[in-house]
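The values are calculated or read from the model by the stated rules, or taken from the named source; none is laboratory data. Since this is a predicted model, take the numbers as computed values, not measurements. Backbone-built Cβ (ideal geometry, glycine too); neighbour counts: all protein chains shown. Accessible surface is based on the protein model in full, side chains and every heavy atom, while ligands, DNA and RNA are left aside. Shrake-Rupley method; radii C 1.70, N 1.55, O 1.52, S 1.80 Å.
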Amino acid sequence: MRRPFPTSARSTFMVLQRGLARLRWIIVLAVLAIATAFGLPRLIDRISHDHSPQAQQAEADLRALSAGLEQYRRDNGRYPSSQQGLLALAIKPLRAPVPATWPMGGYVERLPRDPWGHSYQYSADEEGASYQLFSFGQAEPGDDADDSHVIQLH
């Protein structure tokens, strides 16, 4: 038969148990506070970035440029080279590869600048089979900052 704990030992045991339970809660709350401190600013930046009027305008411009690039590819079998750039959508390129067909007025009315005053960035692979089109957003083009401000179509 087991002997019950003496009253003083039982109360000491209960105090230790409550202390350990509190310690567990403190650890859980500390981990949550640290995770929130690191994750919340990124979440807020992402939400405000996605809903900013500048980002929405940049995405609309990128869609229009992308549509022009797609039409250029349908007409000529490839995208403009990186050297020709987006200017090939507004002015007929004279550099090789010169497009076989090029409509009067071009593929876009004008080349827009992003809402932050920078040129949209374009590069194509050597064969003209794929391209990248993006804006640096509010970051300066030469900045070594992270890519959190880069806007591109997904």
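Order the following by accessible area, largest value first: E70, E127. Probe radius 1.4 Å; ligands, DNA and RNA are ignored. The partial results should precede the final answer.
Details: E70 50, E127 125 Å².
So the residues, ranked largest to smallest area, are E127, E70.
Accessible surface of S123, taken over heavy atoms with a 1.4 Å probe and every protein chain present, rounds to 40 Å². Rolling a 1.4 Å probe across all protein chains gives I34 an accessible area of roughly 100 Å².
Can you send over the carbon and sulfur percentage of the accessible area for segment 34-122, probe radius 1.4 Å, protein chains only? List each step's numbers first, then the result.
Numbers: 3170 of 5570 Å².
Answer for segment 34-122 is 57 percent, counting heavy atoms of protein chains only.
Between amide H atoms placed 1.01 Å from N, distances below 5 Å from G137 occur with I151, all of them 5 or more places distant or on a separate chain. For L87, the shell of other residues with beta-carbons less than 12 Å away shows a net charge of +3, using +1 for Lys and Arg and -1 for Asp and Glu.
The residues of segment 18-106 expose on average 69 square angstrom of accessible surface per residue, using a 1.4 Å probe on protein heavy atoms. Computed with a 1.4 Å probe over protein heavy atoms only, the accessible area of R95 comes to about 140 Å².
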